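Taking it in order: structure first as structure tokens, then the write-up.
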Amino acid sequence: MSYADQLFIDMCRDIMENGTSTEGEKVRPHWEDGTAAYTIKKFGVVNRYDLRKEFPALTLRKTALKSAMDEILWIWQKKSNNIHDLHSHIWDSWADETGSIGKAYGYQLQVKHPYREGMMDQVDRVLYDLKNNPYSRRIMTNLYVHQDLHEMNLYPCAYSMTFNVTKEPGREKLVLNAVLNQRSQDVLTANNWNVAQYSLLLMMMAQSCGMEAGELLHVIADAHIYDRHIPLVKELIGRRTYPAPRVWLNPQVKDFYDFTVDDLHVENYETGPQIKNIPVAV
């Protein structure tokens, strides 16, 4: 099995066996039929993935890696908050009649701020520091801007990336690591999607700065499984697993803003069948 499979299986078992239930409590999410969407949850789940060993893709079921990359490029490269710039329909439920999701996600990354070196947005600031101040401990982004929350159609779930560079013995290149902070995660629908897309982001950032992608540390404040997802999760984690796929980027691309989904290459990605008709709480 892939390492991502093992982490996912262990995490799901831990949540279901040792988590706490929100049943009967006042909760915001609900199902399409209007009933409250309760969860079993664990506080402070932390998973670590070393991209130098293997790419963290589930094989229990397929993760659409090109779609995951398209979404991360929509947020971080296009810095867009309009679903018309995205090829999937993942965000349709949160868009208004113009396609906007409000002052969320990509909107926050494209706002320019004054620095000593000049006006830069958050992505350009990260790229600047990785190239010019790689040992800085201040290389990070934040999407959870309180003054704009009332104008966001969805509060950011994965809201912060902190980048950290290390020089390791025996390695020719500097190693770029990152911490992804997430306030909340629907484990069945979103866990490996988020892990895969932020791993790809780390790989793109590293390649753009002449570095090697190292570890992604994923911190989830509220990792939960919805009540109607429990039977699906139990079936999923009991499946046969396969080795991790080989995943790499076009080595010719040196500028973060030049990456496209066509630069993502995936080999030997063998998986179990997809789960269809997963109920989604909103």
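The values are calculated or read from the model by the stated rules, or taken from the named source; none is laboratory data. All figures in this text were calculated on a predicted structure; none of them were measured in a lab. Cβ placement follows ideal geometry from the backbone for every residue including glycine, while neighbour counts extend to all protein chains displayed. The accessibility values were calculated without ligands, DNA or RNA, using every heavy atom of the protein model including side chains. Shrake-Rupley method; radii C 1.70, N 1.55, O 1.52, S 1.80 Å.
Quick notes on this structure:
- Within the option set Val219, Val280, Val233, being touching a residue at least 24 places away in the same chain (Cβ under 8 Å) and assigned to a loop (DSSP other than H, G, I, E, B) holds for one residue only, Val280.
- Against the conditions (1) of a type in the set (Lys, Arg); (2) open to solvent by 80 Å² or more (accessible area, probe 1.4 Å); (3) out of contact with any Asp or Glu (no Cβ under 7 Å at 6 or more places or on another chain); (4) at pLDDT 95 or above, Arg246 satisfies every one except (3).
- Evaluated against (1) part of a loop (DSSP other than H, G, I, E, B); (2) open to solvent by less than 20 Å² (accessible area, probe 1.4 Å); (3) of a type outside the set (A, V, I, L, M, F, W, C), Lys79 falls short on exactly one condition, (2).
- Looking only at region 16-43, residues that are in a loop (DSSP other than H, G, I, E, B) and open to solvent by 80 Å² or more (accessible area, probe 1.4 Å) come to 6 in all.
- Val46 being out of contact with any Ser or Thr (no Cβ under 6 Å at 6 or more places or on another chain) and in a strand (DSSP E or B): yes
- Taking residues in region 56-80 that are more than 20 Å from Leu7 (Cβ to Cβ), and partners anywhere that are at pLDDT below 95 and in a loop (DSSP other than H, G, I, E, B), the pairs with Cβ atoms closer than 7 Å and at least 6 places apart or on different chains are Ser67/Ser88; Asp70/His87; Asp70/Ser88; Glu71/Ser88; Glu71/Ile90.
- Positions within region 1-15 being buried (at least 16 other Cβ atoms within 10 Å of the Cβ) and not in a loop (DSSP other than H, G, I, E, B), in sequence order: Tyr3, Ala4, Asp5, Leu7, Phe8, Ile9, Met11, Cys12, Ile15
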